[in-house]
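Here is the structure we will look at.
The values are calculated or read from the model by the stated rules, or taken from the named source; none is laboratory data. The model shown is predicted, which means the values in this text are computed figures rather than measured ones. Every residue, glycine among them, receives a Cβ derived from its backbone with ideal geometry; neighbour counts consider all protein chains shown.
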């Protein structure tokens with residue numbers, strides 16, 4: 001399967017989000033990545049439910065919502081109501097991860113689990129058959145524009161092996177520091193979905209950048 005590109009709205013111009021959403025809607029990227037931060041789990045605050053609900057009518061792209069918040073289980077139904085298609089929670093933020101994953105699926109969304117750079121792939125062994133996506137953080141979460149962490153390649157190889165061993169069909173997503181210089185190698189290492197923020201919205205031609213990242 002060819003890899004997918006999921007432009008991250010975190011790097012867009014917040015004063016003109018409608019234009020950014022429409023740009024993605026007219027591009028070949030099938031997903032729009034939405035980073036929700038609470039200033040507690042990560043040292044930054046981005047946007048939340050009202051913004052997601054407001055932009056939902058402006059695109060038919062898949063809303064790939066990435067929750068970087070504490071107690072994500074409290075907001076599952078609210079994100080479903082706002083228009084999320086996929087909801088990813090952090091392994092590090094969930095005391096009862098399996099229950100949270102079940103609740104996401106029951107709310108009509110596809111569940112994903114994200115792991116921080118310091119979290120080993122082996123931590124997913126007992127959940128990988130229950131989820132639709134694993135998001136491998138290739139930077140420390142909280143801010144866009146960070147430098148890619150090279151050991152991500154090793155984690156992708158480990159994750160691909162774990163997925164095969166357990167018979168999982170979960171997609172492997174990479175989030176952080178993704179650009180034209182490493183997109184092909186990431187896809188070759190096992191990434192199914194590339195989240196791209198600065199490399200899209202800071203490009204001279206964002207639409208062309210999306211096409212190039214997906215090539």
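Results, tabulated for the structure shown:
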{"item": "Residue in the stretch 32-42 that is within 26 Å of residue 138 (Cα to Cα) and surrounded by fewer than 16 Cβ atoms within 10 Å (Cβ to Cβ) present", "result": "yes"}
{"item": "Filter result (more than 16 Å from residue 94 (Cβ to Cβ) and buried (at least 17 other Cβ atoms within 10 Å of the Cβ)) within the stretch 107-131", "result": "110, 121"}
{"item": "Residue list for the stretch 188-200, filter: in contact with a strand residue (DSSP E or B) (Cβ under 7 Å, 6 or more places away or on another chain) and crowded, with 21+ Cβ neighbours inside 10 Å", "result": "191, 193, 194, 195, 196, 197, 200"}
{"item": "Which numbered condition residue 200 misses (of (1) out of contact with any helix residue (DSSP H, G or I) (no Cβ under 6 Å at 6 or more places or on another chain); (2) over 19 Å from residue 120 (Cα atoms); (3) outside any loop (DSSP other than H, G, I, E, B))", "result": "(1)"}
{"item": "Any hit, the stretch 142-162, residues being within 27 Å of residue 96 (Cβ to Cβ), assigned to a loop (DSSP other than H, G, I, E, B) and in contact with a strand residue (DSSP E or B) (Cβ under 8 Å, 6 or more places away or on another chain)", "result": "yes"}
{"item": "All positions within the stretch 98-119 that are outside any helix (DSSP H, G or I) and in contact with a helix residue (DSSP H, G or I) (Cβ under 8 Å, 6 or more places away or on another chain)", "result": "107, 108, 109, 110, 111, 113, 114, 115, 116, 117, 119"}
{"item": "Condition met for residue 178 (assigned to a loop (DSSP other than H, G, I, E, B) and buried (at least 20 other Cβ atoms within 10 Å of the Cβ))", "result": "yes"}
{"item": "Conditions (1) surrounded by fewer than 15 Cβ atoms within 10 Å (Cβ to Cβ); (2) touching a strand residue (DSSP E or B) at 6+ places or on another chain (Cβ under 9 Å); (3) modelled with pLDDT under 95; number of the one not met by residue 102", "result": "(3)"}
